[in-house]
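**Q** One structure, pasted below without further comment.
The values are calculated or read from the model by the stated rules, or taken from the named source; none is laboratory data. This structure is a prediction, so every number in the text was calculated from the model and none was measured. Cβ atoms come from the backbone with ideal geometry, glycine included; neighbour counts cover every protein chain shown. These area figures cover heavy atoms from the full protein model, side chains too; ligands, DNA and RNA do not enter into them. Shrake-Rupley method; radii C 1.70, N 1.55, O 1.52, S 1.80 Å.
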Amino acid sequence: MQARGQPVIIILAAGKGARFLASGATTHKLDALLNGKAVLQHVLDAVKATGLPWHLVRPQGGTGGMGESIAMGVRATPDAPGWLILPGDLPYIQPASLLRVAQALPENPVVVPRYQQKQGHPVGFQQRYFAALAGLCADVGAKAVVRRAREQGDVLELTLEDVGVVKDVDVVEDLESHKS
């Protein structure tokens, strides 16, 4: 999905979830149930509620890591004015948080959400970062891209009151601690 003028939310859902499986899980973490719904479905519901265009990166067999997943998503939407990079394991992310990052992006080359001094997701990037994001590979995510952007004064640190920007699912115990 893509609309002119709006950033595209790139949902990263291609990881192997090795830590989750090693913690005793019998299914992939994105397919694990949280309050009766798959973790990834919680994220998709939040994304759809924004009305923003989005692209899901979940190829058969996965990818070689987060960097490759980001690159796939960005290359699949090359005409977007920007991207919000959102891992698929953040089931508590609020639509309003996604919209706040998107709304800040036209005036800020990179937008990094924060919750109680913790860096969160989605990280927003303007189109000028296409080459850097599209060139990522393996399991090297966009941290170096953000670091370089910070050095250039291109980063807005956006404080949000949404624990969902930092509360992810990495091990089976995370599902238990998140139940309401």
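**Q** Would you call SER69 more than 23 Å from GLU173 (Cα to Cα) and in contact with a Ser or Thr (Cβ under 7 Å, 6 or more places away or on another chain)?
**A** yes
**Q** Does LEU21 qualify as being at pLDDT 95 or above and either surrounded by 17 or more Cβ atoms within 10 Å (Cβ to Cβ) or in a helix (DSSP H, G or I) (or both)?
**A** no
**Q** Against the condition in contact with a helix residue (DSSP H, G or I) (Cβ under 9 Å, 6 or more places away or on another chain), open to solvent by less than 60 Å² (accessible area, probe 1.4 Å) and in a loop (DSSP other than H, G, I, E, B), how does ALA14 come out, does it pass?
**A** yes
**Q** Regarding segment 112-132, can at least one residue be identified that is within 23 Å of LYS167 (Cα to Cα) and of a type in the set (Lys, Arg)?
**A** yes
**Q** Right, here's the next one. For segment 50-67: of the residues being out of contact with any Gly (no Cβ under 9 Å at 6 or more places or on another chain) and over 17 Å from GLN126 (Cβ atoms), which is most open to solvent (accessible area, probe 1.4 Å)?
**A** Only one residue fits best here, namely GLN60.
**Q** Right, something else. Can you pull out the residues in segment 52-84 that are under 25 Å from ALA96 (Cα atoms) and among the hydroxyl-bearing types (Ser, Thr, Tyr)?
**A** SER69, THR77
**Q** Here is a follow-up. Of VAL47, VAL39, VAL74, VAL8, which residue is in contact with a helix residue (DSSP H, G or I) (Cβ under 7 Å, 6 or more places away or on another chain), open to solvent by less than 60 Å² (accessible area, probe 1.4 Å) and within 24 Å of LEU160 (Cα to Cα)?
**A** Matching residue, one of VAL47, VAL39, VAL74, VAL8: VAL47.
**Q** Let me ask something else about it. Restricting to segment 26-36, what's the tally of residues that are buried (at least 17 other Cβ atoms within 10 Å of the Cβ) and assigned to a loop (DSSP other than H, G, I, E, B)?
**A** Total satisfying the criteria: 4.
**Q** Restricting attention to segment 37-65, which residues are outside any loop (DSSP other than H, G, I, E, B), of a type outside the set (A, V, I, L, M, F, W, C) and under 15 Å from the mean Cα position of the chain (by Cα)?
**A** Within segment 37-65, GLN41, HIS42, ASP45, LYS48, THR50, HIS55 meet the criteria.
**Q** Could you list, in sequence order, the residues of segment 77-91 that are within 19 Å of VAL169 (Cβ to Cβ) and either acidic (Asp, Glu) or surrounded by fewer than 20 Cβ atoms within 10 Å (Cβ to Cβ) (or both)?
**A** ASP89
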